[in-house]
Amino acid sequence: MENKRKPEILSPAGNFEVLRAAVYAGADAVYIGGTQFNARMNAKNFDRASIKEAVDFCHSRGVKLYVTLNTLIYDRQINEALEFTGFLYNSGVDALIVADLGFARLVRELYPEMRLHASTQCSGHNAEAAKFLSEMGFSRMVCARELSEENIKRLVEKSPIEIEAFVHGALCVSQSGQCLMSSIIGGRSGNRGECAQPCRLPYNGRYPLSLKDNCLAAHVTKLIKMGISALKIEGRMKSPDYVYTAVSLYRRLVDEGRNATNAEIGELMAVFSRQGFTDGYFTSRIDEKMLGIRTGNDKESTRTANVNIVDKKILRDPITTSEHLVKAQKAPQFPKKASLGKKRSARFYNSDNIPDIAEEYFDEIYLPLDRFKKGVANGIVMPPVIPESEIEEVKKALEKAKSNGAIHALVGNVGHIELVRSLGFVLHGDFRMNVYNSFSADICSELFDDFILSPELILPQIRDIKNRRSVIVYGKLPLMTLEKPVKTEVLKDRRGVTFSVVQEGGRDIILNSVPTYMADYYDRLEGAGIDNMHFIFTDEGKRGAEAVIKAYIQKLPTKKEIRRIK
C-alpha cells in the first residue's frame, strides 16, 4: 500500500456523554450540532455553554471540533444564524459544516478565517462541484454517499479541496439534498433537520426504501490509498456505546493500515444494525440485499451489547487557537430584487404528451436530456446526478441535443454548470439548487438567467426573496432521487396513497401523489411577487396537459385532490 497520510477519523456526537466517548475512542475530530440550524434537530444537541466546554475538552486532547450549520436558512433567520456563527468563531470551533450557499458566502465575508466544509446536503458528486465549492471558500467537501469506489477515486484525484466520505452509519435512500418527501407529505423538512423518515415505512407491503446501514470497514485500505481526507461516521442520534465501538474500530484499522475482520464487523453489528450492513454503493452491487429494517433481534442485540468505555489517553498535542475577537457585525445588506419580465416554462417527461397549445403558452419547453426530441422542445433538463464516470456520456448527449435545437438547460447542481456552459446553452437554475433565501438567490442570479425557488417555501417566504421569484405552480413534485431502483412504477403506502415512479437521468424519481395546483390562486401568486411560473407534466397525457393549460389560462378551480402553495 502506498504511503498516504492517514485520514482523519471523524465522529458524531449528539450530547456531551457521546462526545467524551468519541474522544476516548480516538477520534481525530468530532462534529456536533447546536440547538439551531442543524440537520439533526431531534438530537439533544449542544447549547452555547456546552459548546464552549466541548471546544475546551476536545482541544486539550488534540481533537478538533466541527459544528453543523447544515440546514437551509430563511431570510428572516439569516442574522440569527450569523450571530450564532460569530459565537462559534469566538469559541474557537475549528470548522463549520454548511449546506446553504448563500449563508456560506456571508460567513466567508464576515469570518474569513473560519474553515467551511460543504455538507453532504450540497449533493457533491463530482470534481466540478468540488471546484465550484473551492471558489466559494470551502476547504472540504463531504461527497455523496451513493458514490462508487471508482467515482470516489476519480473525485479525490481531481478535487482541489479535501474530500470527506461517510464510511459508517445510516444511509438516506434519496440523494442527500434532493429529498422533499418528508417536507411535502408531512410538513417536516429534511433540509431543515426535521426529517420524519418516510423511507423507513412500508410501501407495497414491504420496505423498498429502507436501506441497511453503510459499513466500509472492509475497505479501509482502499480509502487510505485513494487519499480520502476524512472517514466520517454517521450517528448524532446514536448512543455512547455505538460511537465508542465504531470510532475505536476505525481508529485501529487506520493506525494498523488494514481492513476489518468478520469478527470486528460483528462487533459493529452488535451495537447497531438494520439486519446487517451494506457496502453496495461503494462496491457497485446495488441490489435488494441493500435493504433492511430494524428488527426485534437487532434491538435486543443492541440492548445486551457490553461496551466498556475507557479513556484510551491517545497522546496528541493540545490544539491551540488564537483568541478570536469579532466586533459586532452590521446586518447584511439584502440584494435588490431584479425584475426582468414574466414568463412561463414547463417540463414534460415524455415528448408525446406535449399538446399543440404548449408552444404558444410556454416560453420554454423542457424534456429530460436522454429523451430530448427535435422540434417539440427547446430545452433540456439536466440529470439530477452526474458522477465522474458518467460525465463523458452526458457530454455526448448534450452535444446531440444542441445539434437538434436545444437552447436552454435546467441545471440543478453546481457540479453541472461548467459542462453545460461550455457547450453554449442558456442556463436556468432548477429547483434542486435549493434556493431558500435572498443570498442563495443572489448567487444563482450570477450563475443563471433565472432559477426556480425551493418548492418547500410558502408564499410569505417567497415574498421575502429579494430577487426574481420563479416557482413551480403546477405538477407532481419530484420527492426523491434514488440511486437504488425500486423496480416498480407505483409505490403505495400503508394509507393507500400512491406515488408514481419515473426515470430521470437513468435514476428512479418518486413523485408526489397529488399535483401542486394554483390556477385559481393567481391573486396570491401575484401578491407574492412571483415572476416566472414553472409547470411539471408527468402522467397527464396530451389531453390532460392541454386541459391543465386551459385551466390556467381561465384561472379555473379543480375538484381533484391537489397540493397548494400556502
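The values are calculated or read from the model by the stated rules, or taken from the named source; none is laboratory data. The model shown is predicted, which means the values in this text are computed figures rather than measured ones. Every residue, glycine among them, receives a Cβ derived from its backbone with ideal geometry; neighbour counts consider all protein chains shown. Heads up: the accessible areas ignore ligands, DNA and RNA and are worked out on the full protein's heavy atoms, side chains in. Shrake-Rupley method; radii C 1.70, N 1.55, O 1.52, S 1.80 Å.
Multiplying the sequence separation of Asn79 and Arg421 by 0.36 nm and subtracting their Cα-Cα distance, what value in nm do you get?
Working: separation 342, 0.36 × 342 = 123.12 nm, distance 3.38 nm.
Extending this stretch completely gives an extra 119.7 nm.
Per-residue counts of other Cβ atoms within 10 Å, averaged by peptide: what ranking do you get for 526-532, 351-357, highest first?
Numbers: 526-532: 17.3, 351-357: 15.6.
Descending packing order for the listed peptides: 526-532, 351-357.
Defining a contact as two alpha carbons under 8 Å apart and six or more residues distant in sequence, what relative contact order in percent does segment 438-564 show?
27 percent
Which one of Gly187, Cys143, Leu479 is farthest out on the positive end of the charge dipole of the chain, using unit charges on Cβ (Lys, Arg +1; Asp, Glu -1) and the Cα centre as origin?
Of the options given, the answer is Gly187.
What is the magnitude of the charge dipole of segment 469-566 about its Cα centre, with +1 placed on the Cβ of each Lys and Arg, -1 on the Cβ of each Asp and Glu, and no other charges, expressed in debye to the nearest 20?
340 debye
What fraction, in whole percent, of alpha-carbon pairs in segment 441-565 exceed 26 Å separation?
Working: 2286 of 7750 pairs.
When all Cα pairs of segment 441-565 are counted, 29 percent exceed 26 Å.
Hey, got a sec? Which GluC sites (Glu not before Pro) in segment 66-165 land in a DSSP loop and have at most 10 other Cβ atoms within 10 Å? Display every interim value, and only then the final one.
Working: sites: Glu80, Glu83, Glu109, Glu113, Glu128, Glu135, Glu146, Glu149, Glu150, Glu157, Glu162, Glu164; in loops: Glu113, Glu146.
Within segment 66-165, the qualifying GluC sites (Glu not before Pro) (loop, at most 10 other Cβ atoms within 10 Å) are Glu113.
Normalise the Debye intensity by I(0) for segment 424-506, one equal point scatterer per Cα, no solvent, then take log10 at q = 0.14, 0.15 Å⁻¹ and round to two decimals.
Computed log10 I(q)/I(0) values: -0.62, -0.69.
Which FRET efficiency value, to the nearest 0.05, is calculated for Glu300 and Asp352 with the Förster distance at 45 angstrom and r the Cβ-Cβ distance?
It comes out at approximately 0.25.
What length, rounded to one decimal in nm, is gained on full extension from Val490 through to Lys222, with 0.36 nm per residue of separation minus their alpha-carbon distance?
Details: separation 268, 0.36 × 268 = 96.48 nm, distance 3.83 nm.
Between Val490 and Lys222, full extension yields 92.7 nm more.
Go ahead and estimate [θ] at 222 nm for the chain from helices alone: -39,500 (n - 2.57) per DSSP H run with n ≥ 4, summed, over the residue count, rounded to 500.
It lands at -9000 deg cm²/dmol.
Tell me the angle of helix 78-91 to the major Cα principal axis of the chain, expressed in degrees between 0 and 90 and rounded to the nearest ten.
Taking the Cα atoms of the chain, the angle to 78-91 is about 20 degrees.
Could you sort Phe535, Phe166 by accessible area so the largest value comes first, with the probe set to 1.4 Å?
So the residues, ranked largest to smallest area, are Phe166, Phe535.
So what is the relative contact order for the chain, in percent, with contacts set as C-alpha pairs under 8 Å and at least six apart?
16 percent
If you take the beta carbon distance between Lys6 and Arg285 as r and set R0 to 30 Å, what does 1/(1 + (r/R0)^6) give as a FRET efficiency, to the nearest 0.05?
E between Lys6 and Arg285, to the nearest 0.05, is 0.60.
Mind giving me the nanometre distance, one decimal, between the label points for Asp317 and Ser403, set 7 Å out from Cα along Cα→Cβ?
5.9 nm
Using alpha-carbon pairs under 8 Å, 6+ residues apart, how would you state the relative contact order of segment 370-426 in percent?
About 44 percent, as a whole number.
For the ranges 175-188, 407-420, what's the packing order if you count other beta-carbon atoms within 10 Å of each residue, average per peptide, and put the highest first?
Going from most to least packed, we get 407-420, 175-188.
Hey, how much of the P(r) for segment 26-99 falls beyond 17 Å, as a percent of Cα pairs?
40 percent
Rounded to the nearest 5, what % of the DSSP beta bridges within the chain are antiparallel ones?
Values: 19 of 77 bridges.
Looking only at bridges with both residues in the chain, the antiparallel portion is about 25 percent.
Taking the Cα-to-Cβ direction at Ala551 and at Ser139 and moving 7 Å from each Cα, how far apart do the two end points lie in nm?
5.3 nm
Using the per-residue mean of other Cβ atoms lying within 10 Å as a proxy for protection, in what order, highest first, do the peptides 84-95, 16-27 fall?
16-27, 84-95
For the chain, find the longest principal axis of its Cα atoms and tell me its angle to the long axis of helix 149-158, 0 to 90°, nearest 10.
Helix 149-158 sits at roughly 90 degrees to that axis.
Would you work out the Kirkwood radius for the chain? I mean one over the mean of 1/r across all pairs of different Cα atoms, in Å.
About 24.5 Å, per the Kirkwood formula over Cα pairs.
Once both labels are modelled 7 Å past Cα along the beta-carbon direction, what's the Val497-Ile562 spacing in nm?
If labels sit at Val497 and Ile562, their model points lie 1.8 nm apart.
Could you give the size of the charge dipole of segment 63-119 about its Cα centre, using +1 on the Cβ of each K and R and -1 on the Cβ of each D and E, expressed in debye and rounded to the nearest 20? All intermediate terms of the calculation are to be shown ahead of the outcome.
Values: 5 positive and 7 negative charges, 32 e Å.
I would put it at about 160 debye.
Expressed as an acute angle from 0 to 90° and rounded to the nearest 10, what is the orientation of the C-alpha long axis of helix 16-25 relative to the principal long axis of the chain?
60 degrees
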